[in-house]
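One structure is given here, and the rest of the page talks about it.
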């Protein structure tokens, strides 16, 4: 069947379709290649018009625009159409930002917000790109940190020898005290330095929270970090 798929419309879909069954009927599902599209077009093989591409054409116009479909139709075969469509991605700005679907084109003169301006710049030339929300980024960063922490902890726990540590304390402009803890070791014959954590140092009193770089507070934070990594028994020195 694949040898018969010579229509230029196939260039808008992945070359190998998914084969499935629905209520005993076999079908080919062609996945759209548009980045922002997660849908496909099903072609049932038991129909008289099994080779019809009308539904594929309708879907391609929605995702790629009628101009791109017309350009593909002018090609002699699918290979030539694929070359034309590839070049069309860097075509005129009018074609790139043409409204897909029905309805009139509406222009707004309202100034972008700061967030919208950032999104507009990041999507320049590739409007189909997905930009995650700040909440999603925050959750992903926490997840990456947790997994990386586990990997580093395992490496340090299995390290053959003692570990050296360094601490650095400072106060931010808003009078909050912080401490950074780094580990120093030899890895594959080369010196290796890694930041284990940066934490806020806060001492809770009966009435309020005190930001302090006292030796007792620093020692408590340092001990807590070592226990989190499971390397409290591998300390050679601290500076």
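The values are calculated or read from the model by the stated rules, or taken from the named source; none is laboratory data. Keep in mind the model is a prediction, meaning the values are calculated, not measured. Glycine gets a Cβ as well: all are built from the backbone with ideal geometry, and neighbour counts include every protein chain shown.
Structure notes:
- Extreme residue, modelled with the lowest pLDDT, among residues of the range 187-207 that are loosely packed, with under 15 Cβ neighbours inside 10 Å and under 15 Å from residue 165 (Cβ atoms): 198
- Per-region count, the range 151-186, residues out of contact with any strand residue (DSSP E or B) (no Cβ under 9 Å at 6 or more places or on another chain) and surrounded by fewer than 11 Cβ atoms within 10 Å (Cβ to Cβ): 5
- Here is the figure for the range 118-158: residues that are modelled with pLDDT under 75 and assigned to a loop (DSSP other than H, G, I, E, B) total 7.
- Only one entry in 231, 210, 179 is part of a strand (DSSP E or B), at pLDDT below 90 and touching a helix residue (DSSP H, G or I) at 6+ places or on another chain (Cβ under 6 Å), namely 179.
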